[in-house]
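A.B. asks: Provided herewith is a single structure, encoded as structure tokens, for subsequent inquiry.
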Amino acid sequence: MAFQLSSVVPWGRTMAEYRSMFLLTDEDKNKKIAGFGDGPASFNHEANAAGWHITSFDPIYGFTKEQLAQRIEEVLGIVMQQMAENMENYVWTQITSLDELEAVRMGAMREFLFDYELGNQQGRYICHELPEKLPYPDASFDIGLSSHFLLLYTALGLGFYIAAISEMLRVCKEVRIFPLCDLDSNASQLTSDVIGHFSTEYEVQIRQTGYEFQKNANKLLVIRRK
Ligand SMILES: C[S@@+](CC[C@H](N)C(=O)[O-])C[C@H]1O[C@@H](n2cnc3c(N)ncnc32)[C@H](O)[C@@H]1O
């Protein structure tokens, strides 16, 4: 079935958040980085403007700027209402209020929309749905990232995760996934199963990050070719 924009809740994070979640350092600036499920994050625009080399992949990049802008407007009120009802599940130290959260997320998504058409022309936003095969040779990227997509939605199931991460590991020398809990902040059996699966052939590490907005969502999974 074709990918439906109506099934997506666009919500975009910033470069500062990506750096903190994925423990990216100034040395990573010269590496080739792929972001999977980057959606309307401003990471691609901010990082490329600062001289980094980021290519983002997401099925929503098959839609126009106007369609994406409309979908962002449609869901904003619903997401903010859910956040207001579940405030106790979040850590309000970096982002200190609902108003600030809305300003940060909308700022990131407006920046993404501003950059979207140029980024498309430059091949920085590529329409792609995991686990489909990517049009790249093996080891094309140094690092592959997944922020708030893989492992968060347990309903996608183990088969989907293994296929998606295997394809990421084919085109990337290393894959980093954040966070390692489900939407209710629980460590899932699925994450343990994914770790067990890849541990036999790859070097697998769990690293603590300084980033924690959703409570207990503060760990990063790193899977690297041995
Ligand atoms: C919660 S958003 C996260 C956006 C961004 N990574 C961030 O952290 O700000 C999840 C993203 O995953 C994308 N997505 C959904 N299914 C996907 C798939 N099969 N392959 C790649 N991305 C997918 C959605 O379109 C959406 O943009």
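A.B. asks: Which residues, taken from segment 1-45, are more than 12 Å from the ligand (Cβ to nearest atom) and of a type in the set (Lys, Arg)?
C.D. replies: Matches in segment 1-45: 19, 29, 31, 32.
A.B. asks: Out of segment 89-103, which residues are in contact (Cβ under 8 Å) with a residue 24 or more places away in the chain and either hydroxyl-bearing (Ser, Thr, Tyr) or loosely packed, with under 12 Cβ neighbours inside 10 Å (or both)?
C.D. replies: 90, the sole residue that qualifies.
A.B. asks: Quick test for you: out of 187, 139, pick the one residue that is in contact with a Cys (Cβ under 8 Å, 6 or more places away or on another chain), on the phi > 0 side of the Ramachandran plot and either surrounded by fewer than 20 Cβ atoms within 10 Å (Cβ to Cβ) or among the aromatic types (Phe, Trp, Tyr) (or both).
C.D. replies: When all the criteria are applied, what remains is 139.
A.B. asks: Which of the residues belonging to segment 46-77 are near the ligand (Cβ under 10 Å from one of its atoms) and of a type in the set (Ser, Thr, Tyr)?
C.D. replies: Matches in segment 46-77: 56, 61.
A.B. asks: Does residue 113 fit the bill of being at pLDDT 95 or above and closer than 16 Å to residue 59 by Cα?
C.D. replies: So residue 113 fits the description; yes.
A.B. asks: Also, quick follow-up: What pairs can you find where one residue is in segment 133-148 and over 30 Å from residue 184 (Cα atoms), the other is part of a strand (DSSP E or B) and among the acidic types (Asp, Glu), and their Cβ atoms are less than 7 Å apart, with a gap of 6+ or different chains?
C.D. replies: Correct list of pairs: 142/174.
The values are calculated or read from the model by the stated rules, or taken from the named source; none is laboratory data. Small disclaimer: the values here were computed from a predicted structure and weren't measured. Here the Cβ is made from the backbone with ideal geometry for all residues, glycine too, and neighbour counts use every protein chain on show.
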